[in-house]
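K.L.:
One structure is given below, represented as structure tokens, and several questions about it will come after.
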Amino acid sequence: MCRFSSRCLLLIAAAAVVLITAGVSRLSADDKNADRIQPYAKNPRYWQYERKPVMLLGGNKWDAPFFVQDQKSVYDDLRAAGGNYLRYILKQRQGDSSNVTKLVRIFPFRKLRNGKYDLNQWSDDYWNRFSNGLRMCQDREIIAQITLWDHFDFYREEWEISPWNPKNNVNYTRSESGLSNSYPTHPARNTNPFMKTVPTMQNNTVVLAFQKKLIGKMISIALNHNNVLYNMANEGNLGQKKWDQWWCDFIRSEASAAGKTIYTTTMFDGQNWSSVVNNPSTYTYVEGSKVGSRWTERGQTQYDVAVGLINGTNAKQVRPVNAVKIRTQKIEKHAQERLWRPFMAGFAALSHHRTGGTYTAGGSDSSDDNHASNTYLRGGLGFEQDAQNNVKAMRAFTDVVVPWETSPRQDLLTNRARDEAYLRAKVGEVYGLYFVDTGSVGLKLGGVSGTFRLRWIDIAKGGYTGTEQTLTAGSTVTITTPGSTTGGWAAVIAKTAGPRVATSPNKQLLPH
């Protein structure tokens with residue numbers, strides 16, 4: 001029998017300390033992840049950040065913003081327009097030559113006096129910029145989606161100057177590495193074994209050792225920030241499936257050792273989503289950027305493909321579907337539409353792709369009556385004024401038509417032409433319509449009582465316009481756009497409280 005001697009009291013106190021310490025450890029582990037970007041607990045089709053649901057919207061003037069000399073301005077501009085999502089490639093090439101004055105020219109490794117690189121030493125400038133960029137994003141509540149590998153970095157002229165090229169480093173020779181001094185083919189041909197080094201492929205231990213150091217350096221920095229998502233590759237070849245899976249396992253293991261939970265995906269070229277959709281334990285969200293890039297996906301086809309991808313994903317395991325680069329071959333007409341259709345379908349994150357130069361079309365594409373010429377800009381809107389207004393308009397729309405509280409309801413529309421209008425709704429409470437151009441459709445409000453207030457958003461101008469209209473429920477009502485515009489129209493229709501307008505473009509009113 002234990003008497004309350006001083007020794008017993010000391011033992012009891014010690015046990016209490018152990019229990020309290022164990023509890024603190026558990027809380028600390030939970031706290032490490034509670035504020036991190038992760039699927040929204042109440043609707044995992046969308047994201048939450050700092051414990052609140054959030055719609056991710058943005059635009060990418062640059063795909064590696066930490067390469068911009070004044071990278072702070074990139075994040076300030078994005079935030080000022082209501083953006084909170086961008087692409088963040090672990091870039092290992094020099095960048096667009098047309099933007100030499102705006103971009104720094106650096107690689108991750110230290111360059112020696114003899115002109116060669118040492119893959120065992122880091123470039124302080126590169127990693128300071130990388131780290132500072134993530135910190136500035138987190139300060140502005142911007143989610144950075146990091147891409148680990150981009151095969152365009154390792155071919156043609158980029159390979160000629162790459163630190164990974166045997167002729168450009170002091171760490172291995174051609175015979176030791178199995179890498180050639182030249183790979184002049186297009187990256188899609190997958191001729192460079194640089195992205196085949198993992199044990200499940202060629203098991204090239206010489207090169208892989210340095211690759212692991214690079215990604216280990218990246219993840220050691222990125223894990224310090226709560227605002228990071230991870231994408232293994234940019235437009236990878238299906239032959240790279242084992243590569244992507246191996247790197248997913250690698251960084252998830254690194255994160256787990258640090259007590260952090262991260263979310264991973266990869267982006268295959270074309271619409272090759274099945275290996276991502278069908279492996280939710282490896283790919284914890286889906287990267288669906290290619291939903292808007294093929295020439296044949298004009299109009300409603302893009303929306304239908306987006307719905308199909310979301311439904312297929314949800315059938316396997318409900319996860320967010322992102323599109324970090326909304327692309328188009330014809331920026332002037334299609335880029336704004338391509339952001340809105342996947343949003344209306346249910347994508348959780350969307351951002352415009354950077355502009356990628358000009359293209360001269362031929363063949364059947366030349367008959368497209370949206371353009372007088374076959375020569376046009378391609379790529380995306382970047383984050384020029386049209387893209388900024390596009391994001392502002394969508395942010396105003398989502399302040400009322402809250403994505404995780406509404407769902408696609410095309411069945412509630414009547415007298416609709418193909419690709420004319422798209423609807424999200426929480427029946428009886430709020431309805432959101434997107435018109436690709438001018439148009440008029442019927443909205444079924446039968447079985448719903450009361451009055452609703454409607455306000456129009458001019459997407460090209462980035463905000464509300466005109467006067468509020470009153471709609472009486474109980475039957476189908478006709479909704480007609482107020483006039484012509486270059487960017488389409490969005491209508492927010494809510495109960496008598498009326499649409500709420502955010503006090504600033506950065507502030508989303510969450511939750512309803």
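The values are calculated or read from the model by the stated rules, or taken from the named source; none is laboratory data. Only a predicted model underlies this, so the values are computations on that prediction, with no experimental measurement involved. Every residue, glycine among them, receives a Cβ derived from its backbone with ideal geometry; neighbour counts consider all protein chains shown. For the accessible areas, the whole protein counts, side chains as well, though only heavy atoms, and no ligand, DNA or RNA atoms are used. Shrake-Rupley method; radii C 1.70, N 1.55, O 1.52, S 1.80 Å.
K.L.:
Going residue by residue through region 125-136, is there one that turns out to be free of Cβ contacts under 8 Å to residues at least 24 places away in the same chain, under 28 Å from Lys72 (Cα atoms) and surrounded by fewer than 16 Cβ atoms within 10 Å (Cβ to Cβ)?
P.N.:
The initial filter retains those residues of region 125-136 that are free of Cβ contacts under 8 Å to residues at least 24 places away in the same chain, namely 125-126, 128.
Subset that is under 28 Å from Lys72 (Cα atoms): 125-126, 128.
Applying the additional criterion that residues be surrounded by fewer than 16 Cβ atoms within 10 Å (Cβ to Cβ) yields 125, 128.
Yes, region 125-136 contains a residue that is free of Cβ contacts under 8 Å to residues at least 24 places away in the same chain, under 28 Å from Lys72 (Cα atoms) and surrounded by fewer than 16 Cβ atoms within 10 Å (Cβ to Cβ).
K.L.:
Which number in (1) at pLDDT below 90; (2) over 24 Å from Gly58 (Cβ atoms); (3) of a type in the set (Val, Ile, Thr); (4) in contact with a strand residue (DSSP E or B) (Cβ under 8 Å, 6 or more places away or on another chain) marks the one condition that Thr301 misses?
P.N.:
All conditions are met except number (4).
K.L.:
Sticking with this structure for a sec: Could you grab me the full set of residues in region 95-109 that are at pLDDT below 80 and either open to solvent by 40 Å² or more (accessible area, probe 1.4 Å) or under 18 Å from Lys72 (Cβ atoms) (or both)? I'd like the intermediate steps shown before the answer.
P.N.:
Of the residues in region 95-109, the ones at pLDDT below 80 are 95-103.
Once the filter is applied, which keeps residues that are at pLDDT below 80 and either open to solvent by 40 Å² or more (accessible area, probe 1.4 Å) or under 18 Å from Lys72 (Cβ atoms) (or both), region 95-109 yields Asp96, Ser97, Ser98, Asn99, Val100, Thr101, Lys102, Leu103.
K.L.:
Still on this structure, I have one more. So which pairs qualify, if the first residue must be in region 482-494 and without any contact (Cβ under 8 Å) to a residue 40 or more places away in the chain, the second must be of a type in the set (Ser, Thr, Tyr), the Cβ gap must be under 9 Å, and the two must be at least 6 apart or on different chains?
P.N.:
If the second residue must be of a type in the set (Ser, Thr, Tyr), the pairs left are Pro482/Thr438; Pro482/Thr465.
K.L.:
Sticking with this one: Return yes when Ala144 is modelled with pLDDT of 95 or more and surrounded by 17 or more Cβ atoms within 10 Å (Cβ to Cβ) and no when it is not.
P.N.:
yes
K.L.:
Moving on to the next point. Among the numbered criteria (1) assigned to a loop (DSSP other than H, G, I, E, B); (2) among the charged types (D, E, K, R); (3) open to solvent by less than 10 Å² (accessible area, probe 1.4 Å), which single criterion is violated by Asp244?
P.N.:
Of the numbered conditions (1) assigned to a loop (DSSP other than H, G, I, E, B); (2) among the charged types (D, E, K, R); (3) open to solvent by less than 10 Å² (accessible area, probe 1.4 Å), the odd one out for Asp244 is (1).
K.L.:
Right, here's the next one. Considering only region 41-62, state which residues are open to solvent by 10 Å² or more (accessible area, probe 1.4 Å), part of a loop (DSSP other than H, G, I, E, B), touching a residue at least 24 places away in the same chain (Cβ under 8 Å) and not aromatic (Phe, Trp, Tyr).
P.N.:
Lys42, Asn43, Pro44, Arg45, Glu50, Lys61
This table checks each residue for (1) over 30 Å from the mean Cα position of the chain (by Cα); (2) under 22 Å from Phe67 (Cα atoms).
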residue	(1), (2)
Arg135	no, yes
Leu179	yes, no
Ala188	no, no
Thr191	no, no
Phe194	no, no
Gln202	yes, no
Thr205	yes, no
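K.L.:
Please verify whether region 199-218 includes one or more residues that are within 28 Å of Asp76 (Cβ to Cβ) and either at pLDDT 95 or above or buried (at least 21 other Cβ atoms within 10 Å of the Cβ) (or both).
P.N.:
Applying the first criterion (within 28 Å of Asp76 (Cβ to Cβ)) to region 199-218 yields 217-218.
When the remaining residues are screened for being either at pLDDT 95 or above or buried (at least 21 other Cβ atoms within 10 Å of the Cβ) (or both), the result is 217-218.
Yes, region 199-218 contains at least one residue that is within 28 Å of Asp76 (Cβ to Cβ) and either at pLDDT 95 or above or buried (at least 21 other Cβ atoms within 10 Å of the Cβ) (or both).
K.L.:
Considering only region 170-191, state which residues are buried (at least 20 other Cβ atoms within 10 Å of the Cβ) and either of a type in the set (Gly, Ala, Ser) or at pLDDT below 95 (or both).
P.N.:
Answer for region 170-191, where residues must be buried (at least 20 other Cβ atoms within 10 Å of the Cβ) and either of a type in the set (Gly, Ala, Ser) or at pLDDT below 95 (or both): Ser177, Pro187.
K.L.:
Do you know which of the residues in region 456-512 that are at pLDDT below 90 and among the basic types (Lys, Arg) is farthest from His334 (Cα to Cα)?
P.N.:
Among them, the one singled out is Lys495.
K.L.:
What residue, among those in region 311-337 that are under 15 Å from the mean Cα position of the chain (by Cα) and either open to solvent by 20 Å² or more (accessible area, probe 1.4 Å) or not charged (D, E, K, R) (or both), is modelled with the lowest pLDDT?
P.N.:
Among those that are under 15 Å from the mean Cα position of the chain (by Cα) and either open to solvent by 20 Å² or more (accessible area, probe 1.4 Å) or not charged (D, E, K, R) (or both), it is Arg327.
K.L.:
Now, a different point. Filter region 378-405 down to the residues that are aromatic (Phe, Trp, Tyr) and open to solvent by 10 Å² or more (accessible area, probe 1.4 Å) and list them by number.
P.N.:
Phe383, Trp404 - these are the residues of region 378-405 that are aromatic (Phe, Trp, Tyr) and open to solvent by 10 Å² or more (accessible area, probe 1.4 Å).
Residue by residue, here is whether (1) open to solvent by less than 20 Å² (accessible area, probe 1.4 Å); (2) under 28 Å from the mean Cα position of the chain (by Cα); (3) over 19 Å from Met394 (Cβ atoms) holds:
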{"residue": "Ala421", "(1), (2), (3)": "yes, yes, no"}
{"residue": "Leu443", "(1), (2), (3)": "yes, no, yes"}
{"residue": "Tyr464", "(1), (2), (3)": "no, yes, no"}
{"residue": "Thr472", "(1), (2), (3)": "no, no, yes"}
{"residue": "Thr478", "(1), (2), (3)": "no, no, yes"}
{"residue": "Pro482", "(1), (2), (3)": "no, no, no"}
{"residue": "Thr486", "(1), (2), (3)": "no, yes, no"}
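K.L.:
Can you find even one residue in region 147-169 that is under 30 Å from Trp47 (Cβ atoms), touching a residue at least 24 places away in the same chain (Cβ under 8 Å) and open to solvent by 10 Å² or more (accessible area, probe 1.4 Å)?
P.N.:
yes
K.L.:
Is there a residue being more than 20 Å from Pro44 (Cβ to Cβ), touching a residue at least 24 places away in the same chain (Cβ under 8 Å) and assigned to a helix (DSSP H, G or I) anywhere in region 252-265?
P.N.:
yes
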